[in-house]
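**Q** Mind having a look at this structure? Questions to follow.
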Number of protein chains: 2
Amino acid sequence: MTRPIAVLGGTGPEGFGLALRWAQAGETVIIGSRDAQRAQSAADKIRQRAGSSAKVSGAENVAACAAADLLVLTIPFESHATVLKQLKPALRPGSIVVDATVPLAASVGGRASRTLGVWQGSAAQETAELVPQGVAVVAAFQNVGSEMLNAEGAVDCDVIVCSDDAEASRTVRSLAIRIPGVRAIDGGKLENARVLEQITALMIGLNIRHKGHSGIRITGLPPAAYTGH
Amino acid sequence: MTRPIAVLGGTGPEGFGLALRWAQAGETVIIGSRDAQRAQSAADKIRQRAGSSAKVSGAENVAACAAADLLVLTIPFESHATVLKQLKPALRPGSIVVDATVPLAASVGGRASRTLGVWQGSAAQETAELVPQGVAVVAAFQNVGSEMLNAEGAVDCDVIVCSDDAEASRTVRSLAIRIPGVRAIDGGKLENARVLEQITALMIGLNIRHKGHSGIRITGLPPAAYTGH
């Protein structure tokens, strides 16, 4: 890709892991955080792991958003709507917002193996309601655990990508397969994000129960269904 | 297993496929249907594929239920509660009801790639409310497509098993791995069935979009998490 990728909430383990993988793949990455200092410190850590030529920087969330038109949200659900409202003035038509947020019940003191009901159907659909007209929303990366991303080696997980914007979905599938091991699958419309979000809660439950770091693979589809590999 | 398995709704493609696989593995299988004749005809077809020594018979649903204490429900959601109410007098304490039902919106004329909201959280949890005390409910097999089951060869899919009864869950995991290729995974409490049911809707959507017969595999768990293999 030639366009920079802003990972908002990029100081958390999921955002950090995605930013790391994309920096390692040669992408230009901007880590966004509420705190610019913390964002820069995360960018430094990524440079240490990805090499000094890595194109990674850190900025406050709104500044990061203003500097990119491909944005990836990896923020806890309790901050989801608030951050989106802050970002709104910085979002331009033609931008893509990739939402990896999962409405875990942990957001309100419950279990990470359960989800909250979101009125719109899913966190990603809530995002679609909060962004300005002309901004495409894509749901992806909910099921790729941060441990897999932050470990060395290939990621043993498929990324299902859901969006009402076919072109934006394609762009995000191209982005997903920059992560070694990942196969990207078109999962259809944004409304299907609700299932992706639920799957994460199931996977967290499996991780706790079996002391592992689970991923998922979709079998049985024809080769053309899998972007990459 | 020494106990017979009654597959209720076993004339439909999912139930037929499961019954076929278990008959091929040497299990004693009773196909249940509203219509005893249709059940016997399905049993005959299974004998043709599994060989004349296959221990398979057909009976009306309630009779099938009375003849087994391991019951597998593969009935369309629109008949789910009705059939359970009919079965109730034939269900004995100590029996296990395995629910593979998915509340697809197709049950009310909607899409098979969407689910209905079930008040109890999932079809399997509705089952738990409808069975007599002392009957264990286990959610499993929602994600194993009928095409995979009815085809030849190994099934490229994991079976996640959810139940509040640890012993019944173990029994069903043992049953699942009688199907070649299947790995069974303890998915925790019955409440997690809601995610398994949603996954099926996503998979049906993938099948339609990509013209395939999808399955799922869970990666990244330690070997002990997988029963079988």
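The values are calculated or read from the model by the stated rules, or taken from the named source; none is laboratory data. Bear in mind the structure is a predicted one, so any value in this text is a computation, not a measurement. Please note: Cβ atoms are built from the backbone with ideal geometry, for glycine as well, and neighbour counts cover all protein chains shown. For the accessible areas, the whole protein counts, side chains as well, though only heavy atoms, and no ligand, DNA or RNA atoms are used. Shrake-Rupley method; radii C 1.70, N 1.55, O 1.52, S 1.80 Å.
**Q** Could you check the simple spin-label distance between A:GLU129 and A:ASP44, using points 7 Å along Cα→Cβ, in nm with one decimal?
**A** In this crude label model, A:GLU129 to A:ASP44 measures out at 4.1 nm.
**Q** Chains B and A: how much accessible area gets covered up at their contact, both sides added, probe 1.4 Å, in Å² to the nearest hundred?
**A** In total, chains B and A hide about 2700 Å² from solvent.
**Q** Which residues, if any, in region A:142-159 have at least 20 Å² less accessible area in the whole protein complex than in the isolated chain, probe 1.4 Å?
**A** Buried-area filter returns A:ASP156.
**Q** Something else about it: Report A:ARG111's accessible area, 1.4 Å probe, all protein chains in place, as a number in Å² to the nearest 10.
**A** About 130 Å², ignoring ligands and nucleic acids.
**Q** Per residue, how large is the accessible surface of region B:133-213? Use a 1.4 angstrom probe and give square angstrom.
**A** 35 Å²
**Q** List the residues of region B:15-38 whose backbone N lies under 19 Å from a point placed 7 Å from the Cα of B:LYS88 along the Cα-to-Cβ direction.
**A** From region B:15-38, the list is empty.
**Q** Right, here's the next one. About the Cα centre of chain B, what is the dipole size in debye to 20, counting +1 per Lys and Arg Cβ and -1 per Asp and Glu Cβ, all else neutral?
**A** 380 debye
**Q** Can I ask one more? Using a 1.4 Å probe, how large is the accessible area of B:HIS210, given in Å² and rounded to the nearest 10?
**A** Taking all protein chains as shown, B:HIS210 has close to 30 Å².
**Q** 5 Å is the cut-off here: which amide hydrogens, built 1.01 Å from N in the peptide plane, fall below it relative to B:SER214, excluding neighbours closer than 5 in sequence?
**A** Amide H neighbours of B:SER214: B:ASN207.
**Q** Please state the shape class of region B:35-172: rounded when a/c is under 1.5, otherwise prolate if a/b exceeds b/c and oblate if not, all from the C-alpha gyration tensor.
**A** Since a/c stays below 1.5, the shape of region B:35-172 is classed as rounded.
**Q** Quick one: with label points 7 Å out along Cα→Cβ, list the inter-copy distances for A:ARG217 in nm, shortest first?
**A** Distances to the matching label points in the other copies: 0.2 nm.
**Q** Kindly provide the helix-only [θ] at 222 nm of the protein assembly as shown, computed as the sum of -39,500 (n - 2.57) over DSSP H runs of four or more divided by all residues, to the nearest 500 deg cm²/dmol?
**A** -11500 deg cm²/dmol
**Q** Just reorder A:SER169, B:SER79, B:SER41 by solvent-accessible area, largest first, 1.4 Å probe, all chains present.
**A** Descending order: B:SER41, B:SER79, A:SER169.
**Q** Another one. Whole-Hz ³J(HN,Hα) for each residue in region A:209-224, computed from phi via Karplus 6.51 cos²θ - 1.76 cosθ + 1.60 with θ = phi - 60°, x for glycine and proline: what do you get?
**A** Coupling constants for region A:209-224: 5, 10, 6, x, 10, 7, x, 10, 10, 9, 9, x, 8, x, x, 5 Hz.
**Q** For B:207-218, what's the mean count of beta carbons from other chains sitting within 10 Å of each residue's beta carbon?
**A** Numbers: counts 3, 1, 8, 12, 4, 8, 4, 6, 5, 7, 7, 10.
Average neighbour count from other chains, rounded to a whole number: 6.
**Q** Quick one: what are the phi-derived ³J(HN,Hα) couplings along region A:11-28, Karplus 6.51/-1.76/1.60 with θ = phi - 60°, whole Hz, x for glycine and proline?
**A** 8, x, x, 5, x, 4, x, 5, 4, 4, 4, 6, 4, 4, 7, x, 6, 8
**Q** Sticking with this structure for a sec: Answer rounded, prolate or oblate for region B:1-71, using the Cα gyration tensor with square roots of eigenvalues a ≥ b ≥ c: rounded when a/c is under 1.5, else prolate when a/b is larger than b/c, else oblate.
**A** oblate
**Q** Next question. Name the long-range amide H neighbours of A:VAL159: under 5 Å, sequence gap of 5 or more, or other chain; modelled H, no Pro or chain starts.
**A** Sorted by chain and number, the residues that satisfy this are A:ARG183, A:ALA184, A:ILE185.
**Q** Now a separate question. Let a ≥ b ≥ c be the square roots of the eigenvalues of the Cα gyration tensor of the protein assembly as shown; is it rounded (a/c under 1.5), or, if not, prolate (a/b larger than b/c) or oblate?
**A** Numbers: a/c = 2.35, a/b = 2.16, b/c = 1.09.
Prolate, since a/c reaches 1.5 and a/b exceeds b/c.
**Q** Would you please give the residues with an amide H less than 5 Å from that of B:VAL56, counting only those at least 5 places away or on a separate chain, with H modeled from the backbone geometry?
**A** Correct list: B:VAL29.
**Q** Right, here's the next one. Counting only protein heavy atoms and using a 1.4 Å probe, what share of the accessible area of region A:147-229 belongs to carbon plus sulfur, as a whole percent? Mind showing how you got there, number by number?
**A** Values: 1640 of 3100 Å².
About 53 percent, which is the carbon plus sulfur part of the accessible surface.
**Q** Also: If each label sits 7 angstrom from Cα along the C-beta direction, how far apart, in nm, is B:ALA63 from its counterparts in the other copies?
**A** Shortest to longest, the spacings are 7.8 nm.
**Q** Let me ask you something else. Tabulate in residue order the Karplus-calculated ³J(HN,Hα) for region B:105-118, using 6.51 cos²θ - 1.76 cosθ + 1.60 with θ = phi - 60°, rounded to whole Hz; enter x for Gly and Pro.
**A** Values per residue, Gly and Pro as x: 5, 4, 4, 10, x, x, 8, 6, 9, 10, 10, 8, x, 10 Hz.
**Q** Any residues in region A:175-193 that have 40 Å² or more less accessible area with all protein chains than in their chain alone, probe 1.4 Å, and which are they?
**A** A:ASP186, A:GLU191
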